[in-house]
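The values are calculated or read from the model by the stated rules, or taken from the named source; none is laboratory data. These numbers come from a predicted model, not from an experiment. Using ideal geometry, Cβ is built from the backbone for each residue, glycine included, and neighbour counts are taken over all protein chains shown.
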Amino acid sequence: MNFDELQPGPETDRLVAETIGDIFRLFAPSTNLNHAFWAAEQINLFWGMAIGQWGPTKDNLRWIVEETDDDYHPKEYASADTPAMAISLAILKFKKSKT
């Protein structure tokens, strides 16, 4: 699956719920930042990761989750137009990389 093609909404929310093993919870991590952080905590996503904004211009900013193991060369892990969606994509990619 190409995670970069996912959009915020029920399909992404379902995938995140399945990924963290909580399919019974009604939540919207792709659109709700509190839900996204809660889901990230369930898998310890932010151990070695950070979230911030980056873009070539002020009008073209994106939210990114990046690996911070190397202070001089952080690697982008996931990015999206909103922080909640960036975290949701990072959750999906993180869990896929661990399987």
Discussion item. Quick check on my filter: what residues within region 33-45 are over 17 Å from THR82 (Cβ atoms) and either in a loop (DSSP other than H, G, I, E, B) or at pLDDT below 80 (or both)?
Written reply: ILE43, ASN44
Discussion item. Test of understanding: among SER88, SER30, which residue is small (Gly, Ala, Ser) and part of a loop (DSSP other than H, G, I, E, B)?
Written reply: SER30
Item to complete: Please indicate, with yes or no, whether at least one residue in region 23-36 is within 12 Å of the chain's Cα centre (by Cα), surrounded by fewer than 19 Cβ atoms within 10 Å (Cβ to Cβ) and of a type in the set (A, V, I, L, M).
Response: yes
Response to the item:
Among THR68, THR57, the single one that is among the β-branched types (Val, Ile, Thr), within 14 Å of PHE94 (Cβ to Cβ) and either surrounded by 13 or more Cβ atoms within 10 Å (Cβ to Cβ) or over 12 Å from the mean Cα position of the chain (by Cα) (or both) is THR68
Worksheet item: Among PRO74, PRO56, PRO83, which is the only one that is modelled with pLDDT under 75 and touching a strand residue (DSSP E or B) at 6+ places or on another chain (Cβ under 7 Å)?
Response: PRO74
Worksheet item: Do we have THR12 as surrounded by 14 or more Cβ atoms within 10 Å (Cβ to Cβ), more than 20 Å from LYS96 (Cβ to Cβ), in contact with a helix residue (DSSP H, G or I) (Cβ under 9 Å, 6 or more places away or on another chain) and not aliphatic (A, V, I, L, M) here?
Response: no
